[in-house]
Amino acid sequence: MHSGPIVRHKHSWNDPALPVLDIYLDATATRHEEINMGSPATSNANERDQLTINTIRTLAMDAVQKANSGHPGTPMALAPVGYTLWKDFLRYHPEHPDWPNRDRFVLSVGHASMLLYSLLHLAGVVEIDEHGKRSGKPAISLEDIKQFRQLSSKTPGHPEYRMTTGVETTTGPLGQGCANSVGMAMAERWLGEHFNQPDAKLFDYNVYVLCGDGDMMEGVTAEAASIAGHLKLSNLCWIYDNNTISIEGHTELAYSDDVQKRFEGYGWKTHHVKDANDAAALARSLKAFQQTDDAPTLIVVDSVIGYGSPNKHNTASAHGEPLGEDEIKLTKKAYGWDENSSFLVPEDARHHLRDAMLERSADDYIAWQKTFAEFEESQPELADQLQRMRAGEMPEGWRNTALSFDADKKGIATRAAGGKVLNGFAQQIPWLMGGSADLSPSTKTNLTFEGAGSFEAGSYNGRNLHFGVREHAMGSIANGLALSYIRPYTSTFLVFSDYMKPPIRLAAIMELPVVFVFTHDSIGVGEDGPTHQPIEHLTQLRATPGLLTLRPGDANETAEAWKVALAQTHRPSCIVLSRQPMPTLDRSIYASAEGLARGAYVLADSGHEQPEVILIATGSEVGMTVEAFEKLKAEGVNARVVSMPSWELFEHQGKAYRDEVFPPSVKARVVVEQAGPVGWDRYVGQSGAKIVMNTFGASAPIDKLQAKFGFTVDNIVKVAKAQLQL
Ligand SMILES: Cc1ncc(C[n+]2csc(CCOP(=O)(O)OP(=O)(O)O)c2C)c(N)n1
Ligand SMILES: [Mg+2]
């Protein structure tokens, strides 16, 4: 027996209360000999089930051992759970893994990636390339499994969306898969309401998740479960691997929730399967889930991590280390496996899962295709929408609806302009939908036109989503929506982007074109004080690879920002907007707001070949910087204003354009931005000046704050002149 600081005896390897393994061990020993003797026909269906389960287990063990890193224990334990789900329940056609009405399978325990890779391999799932075409290769070959965790392999350490066909979302940061799944389930509800016809059911898929103790401890999971219960998402089923082990040891160290009770409190239906190897009990719970139409379902499954390993089962070391050659041999022996084999896929296991899935899903798939063909005839407009959604395309002419705003000294807050622009686009793009974490009256993202509606329990055709005060889940749900053909947006205050960092990062990794709207973007928030005044947030967003950060400088730049964000197909955007009004610039005097698409552009220039000083501003500081420019001009100073709503877009321009905007010989430069200084050296150089926030803000009326921190026209003029003395 193993020893360790904390051991859960309840499911000890030799526990007579768990005889299942012993029984099949003998059976597999015999069976395996028979297979080696080349008589595959001798095994019956049950034996082939067990053989396939053990194939999943041993592939996981071997792959982790070969990579010399990874997580074998949970795939070993959950092999029967994943197998039963895929073989008997998941509606999934291995040859059409992009079938829109497939059930979604999310491995929220991303560290158990070898479970998913083994399932994809044994299910014979085919690869879909980046153009949406079948490549003729398997999604995961045995060779791919041997390349587990290697550079450019299809089997990275954690499942990565876009890298591997069949991976529905990138998982690894615990809790994210759970929260993504809520977005996927919400999407199905909306898609069903939007597309299904009395005689044509195009969407009725379920979403299944495998999650673990870590997921259950993460706050985002609680947020996601809470809203899923509220919305009565009966198409959502989470299977919780209650193995009571995490990295530091037994979960008793840090976790004693009654998870079932908790979920009952959220309004979920719950079930308890006391042994992960009890396929019949799991099947009963899954059937009950499929028959439930008023709540999501949680199935708690007790399992033993590292199941089958004589010395490592039920230990934390089975979580994240290779078992070791010797232990692998012992474990294979315990499974009745050829202990000297590695990456063995017995003939009887090779097609068993695939055949079962094909048999179960083929008719459904053909029926769906027929339904869709009829739907294309009877509902050509809707069918066109669905095709565009799948291809990530927008409706014809959607850009033409961009609003423009007349020059106005008093102007409007960009949050207000943003709301108008969004409403304009949303009327052209029926699958653009989103909402706020309880702040839409402030963020102005409500869709107010007729028919927009609210997405609510039992009435799922609305496009205004109400996330409640759950920013983290809001971001992750938006990612789940984006993974399900929807174009989602979210909104909250910029300061709370902190609460959304993980899903923003994952949207960038997954290349999902989610739009994250953040208003109340600076000390301009005023009296709410430093807790509500973002300082370092823009730096953080700009530091995220792939993410577009757009901080428009007036209403017309806001319209352009939305246009740019919605035109993205492979990157998320943040649109950062002000609470306070700012002037709508007269574009007959200053350059067109279309310059936003290039990230930075010369907004105002004194007409000389080379400026003496360049003033750079973003967002709410653009207006005051233009005023400062006018003052300098009146005093004969040859200045230039560069509006710089997006670093990322600017960095994408060629050197000639960048040098045109920022002539390298002009060293006198001032940046004006009500946010932290980090990164601005790149544009102002070592000798340039920064009118930025070097501390947290304070609670006071906005004009007092602007004066205190130097955001006044006079100060900009003063700092610009000082630059001329250099
Ligand atoms: C947000 C987040 N925090 C920490 C980790 C590191 N981590 C990976 S697995 C794990 C323990 C998870 O325990 P459990 O879900 O019970 O998985 P098991 O060991 O049972 O497979 C931790 C802390 C992570 N992946 N994501
Ligand atoms: Mg665990």
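Of all residues in region 546-581, which are surrounded by 24 or more Cβ atoms within 10 Å (Cβ to Cβ) and in a strand (DSSP E or B)?
LEU548, THR549, LEU550, SER573, CYS574, ILE575, VAL576
Given the structure, is ASP213 within 16 Å of ligand 1 (Cβ to nearest atom) and under 22 Å from the mean Cα position of the chain (by Cα)? Full working, then the answer.
Working: within 16 Å of ligand 1 (Cβ to nearest atom): yes; under 22 Å from the mean Cα position of the chain (by Cα): yes.
Taking the combined requirement at face value, the residue satisfies it.
Can you tell me how many residues within region 134-160 are crowded, with 21+ Cβ neighbours inside 10 Å and among the acidic types (Asp, Glu)?
Going through region 134-160 one residue at a time, the tally reaches 1.
Identify, please: which residue in region 310-350 is in contact with a strand residue (DSSP E or B) (Cβ under 8 Å, 6 or more places away or on another chain) and part of a helix (DSSP H, G or I) and is, among those, surrounded by the fewest Cβ atoms within 10 Å (Cβ to Cβ)? Even if it seems obvious, please write down each step before you answer.
Of region 310-350, the ones in contact with a strand residue (DSSP E or B) (Cβ under 8 Å, 6 or more places away or on another chain) are 314-316, 318-319.
Imposing the further condition that a residue be part of a helix (DSSP H, G or I) reduces the set to 318-319.
Details: ALA318: 26, HIS319: 23.
Taking the candidates together, the pick is HIS319.
Could you list all residues from region 170-213 that are in a strand (DSSP E or B), within 16 Å of ligand 2 (Cβ to nearest atom) and farther than 17 Å from HIS71 by Cβ? I'd like the intermediate steps shown before the answer.
Of region 170-213, the ones in a strand (DSSP E or B) are 197, 200, 207-212.
Then drop every residue that is not within 16 Å of ligand 2 (Cβ to nearest atom), which leaves 209-212.
Of everything in region 170-213, just one residue is in a strand (DSSP E or B), within 16 Å of ligand 2 (Cβ to nearest atom) and farther than 17 Å from HIS71 by Cβ, namely VAL209.
I'm trying to understand the selection: among the residues of region 222-246, which are within 13 Å of ligand 1 (Cβ to nearest atom) and either of a type in the set (D, E, K, R) or at pLDDT below 95 (or both)?
Residue satisfying the conditions is ASP241 alone.
Only residues that are more than 25 Å from HIS570 (Cα to Cα) and either at pLDDT below 95 or acidic (Asp, Glu) (or both): list them for region 138-164, please.
GLU143, ASP144
Note down all Cβ pairs under 6 Å where the first residue falls in region 283-311 and is under 20 Å from ALA228 (Cα atoms), the second is basic (Lys, Arg) and part of a loop (DSSP other than H, G, I, E, B), and they're at least six residues apart or on different chains.
What qualifies is ASP294/LYS232; ALA295/LYS232.
Does LEU548 qualify as being touching a residue at least 40 places away in the same chain (Cβ under 8 Å) and more than 25 Å from ALA656 (Cβ to Cβ)? Break it down into steps so the answer makes sense when it comes.
On the way: touching a residue at least 40 places away in the same chain (Cβ under 8 Å): yes; more than 25 Å from ALA656 (Cβ to Cβ): no.
Here the answer is no, as LEU548 does not meet what is asked.
Can you tell me which residues in region 247-261 are within 16 Å of ligand 1 (Cβ to nearest atom) and assigned to a helix (DSSP H, G or I)? Break it down stepwise before answering.
First, the residues of region 247-261 that are within 16 Å of ligand 1 (Cβ to nearest atom): 247-257, 259.
Matches in region 247-261: THR251, GLU252, LEU253, VAL259.
Give me the pairs, please: first residue somewhere in region 214-238 and in contact (Cβ under 8 Å) with a residue 24 or more places away in the chain and within 16 Å of ligand 2 (Cβ to nearest atom), second residue anywhere and among the hydroxyl-bearing types (Ser, Thr, Tyr) and not in a loop (DSSP other than H, G, I, E, B), beta-carbon distance under 7 Å, and either six or more positions apart or on two chains.
Between residues of region 214-238 that are in contact (Cβ under 8 Å) with a residue 24 or more places away in the chain and within 16 Å of ligand 2 (Cβ to nearest atom) and residues that are among the hydroxyl-bearing types (Ser, Thr, Tyr) and not in a loop (DSSP other than H, G, I, E, B), the close pairs are GLY214/SER246; ASP215/THR221; MET216/TYR240.
Are any of the residues in region 384-394 at pLDDT below 95, surrounded by 19 or more Cβ atoms within 10 Å (Cβ to Cβ), away from ligand 1 (no atom under 16 Å from the Cβ) and farther than 30 Å from THR244 by Cβ?
No, region 384-394 contains no residue that is at pLDDT below 95, surrounded by 19 or more Cβ atoms within 10 Å (Cβ to Cβ), away from ligand 1 (no atom under 16 Å from the Cβ) and farther than 30 Å from THR244 by Cβ.
Does region 319-377 hold any residues that are within 16 Å of ligand 1 (Cβ to nearest atom) and more than 31 Å from the chain's Cα centre (by Cα), and which are they? Please lay out each step first, then the result.
Restricting attention to region 319-377, the residues satisfying the condition of being within 16 Å of ligand 1 (Cβ to nearest atom) are 319-323.
LEU323, the sole residue that qualifies.
Any residue in region 273-282 that is more than 16 Å from ligand 2 (Cβ to nearest atom), surrounded by fewer than 18 Cβ atoms within 10 Å (Cβ to Cβ) and either of a type in the set (S, T, N, Q) or not in a loop (DSSP other than H, G, I, E, B) (or both)?
Yes; the residues of region 273-282 include at least one that is more than 16 Å from ligand 2 (Cβ to nearest atom), surrounded by fewer than 18 Cβ atoms within 10 Å (Cβ to Cβ) and either of a type in the set (S, T, N, Q) or not in a loop (DSSP other than H, G, I, E, B) (or both).
Residue by residue through region 226-249, note down the ones that are closer than 22 Å to HIS313 by Cβ and either buried (at least 19 other Cβ atoms within 10 Å of the Cβ) or among the charged types (D, E, K, R) (or both).
Pass one, region 226-249, residues closer than 22 Å to HIS313 by Cβ: 239-249.
Residues satisfying the conditions are ILE239, TYR240, ASP241, ASN242, ASN243, THR244, ILE245, SER246, GLU248, GLY249.
Just to be sure, is GLY172 of a type in the set (Gly, Ala, Ser), under 19 Å from the mean Cα position of the chain (by Cα), surrounded by fewer than 24 Cβ atoms within 10 Å (Cβ to Cβ) and over 19 Å from LEU298 (Cβ atoms)? It would help to see each step written out before you state the result.
Numbers: of a type in the set (Gly, Ala, Ser): yes; under 19 Å from the mean Cα position of the chain (by Cα): yes; surrounded by fewer than 24 Cβ atoms within 10 Å (Cβ to Cβ): yes; over 19 Å from LEU298 (Cβ atoms): yes.
So GLY172 fits the description; yes.
Mind checking which residues of region 93-137 are in contact with an Asp or Glu (Cβ under 6 Å, 6 or more places away or on another chain) and either over 24 Å from HIS570 (Cα atoms) or not assigned by TED's automatic domain parsing to the domain that holds ILE239 (or both)? Steps first, answer last, please.
Of all residues in region 93-137, those in contact with an Asp or Glu (Cβ under 6 Å, 6 or more places away or on another chain) come to 104, 106, 108, 126, 128, 135, 137.
Once the filter is applied, which keeps residues that are in contact with an Asp or Glu (Cβ under 6 Å, 6 or more places away or on another chain) and either over 24 Å from HIS570 (Cα atoms) or not assigned by TED's automatic domain parsing to the domain that holds ILE239 (or both), region 93-137 yields only LYS137.
Considering only residues that are touching a Lys or Arg at 6+ places or on another chain (Cβ under 7 Å) and charged (D, E, K, R), look in region 69-128 and name the one that is farthest from ligand 2 (Cβ to nearest atom).
Only one residue tops the list, namely GLU127.
Quick test for you: out of VAL300, VAL304, pick the one residue that is among the aliphatic types (A, V, I, L, M) and either under 28 Å from GLY468 (Cβ atoms) or away from ligand 2 (no atom under 16 Å from the Cβ) (or both). Reasoning before the result, please.
Values: VAL304 fails: either under 28 Å from GLY468 (Cβ atoms) or away from ligand 2 (no atom under 16 Å from the Cβ) (or both).
Exactly one of VAL300, VAL304 is among the aliphatic types (A, V, I, L, M) and either under 28 Å from GLY468 (Cβ atoms) or away from ligand 2 (no atom under 16 Å from the Cβ) (or both), namely VAL300.
Out of all the residues in region 49-83, which are surrounded by fewer than 22 Cβ atoms within 10 Å (Cβ to Cβ) and in a helix (DSSP H, G or I)? Spell out how you get there, then give the answer.
Narrowing region 49-83 to residues surrounded by fewer than 22 Cβ atoms within 10 Å (Cβ to Cβ): 65-69.
Within region 49-83, GLN65, LYS66, ALA67 meet the criteria.
Go through region 97-127 and report how many residues are in a strand (DSSP E or B) and either within 15 Å of ALA63 (Cα to Cα) or more than 16 Å from ligand 1 (Cβ to nearest atom) (or both). Quick ask: steps written out before the conclusion?
Kept after step one, since they are in a strand (DSSP E or B), are these residues of region 97-127: 104-107, 126-127.
Okay, now just the ones that are also either within 15 Å of ALA63 (Cα to Cα) or more than 16 Å from ligand 1 (Cβ to nearest atom) (or both), so 104-105, 126-127.
Matching residues across region 97-127 total 4.
The values are calculated or read from the model by the stated rules, or taken from the named source; none is laboratory data. Since the model is a prediction, treat every value here as computed from it, not as a measurement. Neighbour counts run over all protein chains shown; Cβ positions are idealised from the backbone, glycine included.
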